[in-house]
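K.L.:
Quick one: structure below, then a few questions.
The values are calculated or read from the model by the stated rules, or taken from the named source; none is laboratory data. Only a predicted model underlies this, so the values are computations on that prediction, with no experimental measurement involved. Virtual Cβ from ideal backbone geometry, glycine too; neighbours counted across all protein chains shown.
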């Protein structure tokens, strides 16, 4: 398999676990950052807020770029943001890194990746039944 497939696979795994694993770490985060658990839980809301705001903005911003370049830029944003979050000394810095790194790239990354995968299917096998399966997150042949 091409090296790019492994990179995209690792990117998807990393972005997916970033989205979900914070919920299990709330007691540890609240103790480490000296905030209450409900305040630490706002990091999850910040994640969702970044998605709601970032998705449409990035769609407009990247409208004229080729998909490969978009994927590289978004993956770089993700890595930089996660690196900032890993060494965040305060709650505010961690919140900003969550909003920027975890959601802005995540929102557009999968739209571009799905488009690229859909366009890679041979014409004789690409049926309308594939869209629901890609939207659900897994390629299920129909």
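K.L.:
Would you confirm, using the coordinates I've provided, whether residue 59 is at pLDDT 80 or above and either within 18 Å of the chain's Cα centre (by Cα) or farther than 26 Å from residue 4 by Cβ (or both)?
P.N.:
Values: at pLDDT 80 or above: no; either within 18 Å of the chain's Cα centre (by Cα) or farther than 26 Å from residue 4 by Cβ (or both): yes.
Considered against the rule, which asks whether it is at pLDDT 80 or above and either within 18 Å of the chain's Cα centre (by Cα) or farther than 26 Å from residue 4 by Cβ (or both), residue 59 comes out as no.
K.L.:
Is it the case, given these coordinates, that residue 38 is surrounded by fewer than 17 Cβ atoms within 10 Å (Cβ to Cβ) and assigned to a loop (DSSP other than H, G, I, E, B)? Even if it seems obvious, please write down each step before you answer.
P.N.:
Numbers: surrounded by fewer than 17 Cβ atoms within 10 Å (Cβ to Cβ): yes; assigned to a loop (DSSP other than H, G, I, E, B): no.
The answer is no for residue 38.
K.L.:
So which residues in region 1-23 are surrounded by fewer than 17 Cβ atoms within 10 Å (Cβ to Cβ), at pLDDT 80 or above and within 20 Å of residue 89 (Cα to Cα), if there are any at all?
P.N.:
The one that is surrounded by fewer than 17 Cβ atoms within 10 Å (Cβ to Cβ), at pLDDT 80 or above and within 20 Å of residue 89 (Cα to Cα): 23.
K.L.:
I need every pair where a residue in region 69-96 that is surrounded by fewer than 13 Cβ atoms within 10 Å (Cβ to Cβ) has its Cβ under 9 Å from the Cβ of a residue that is part of a helix (DSSP H, G or I) and at pLDDT 85 or above, sequence separation at least 6 or different chains.
P.N.:
Note: pairs meeting the criteria are 83/97; 86/97; 87/93; 90/33.
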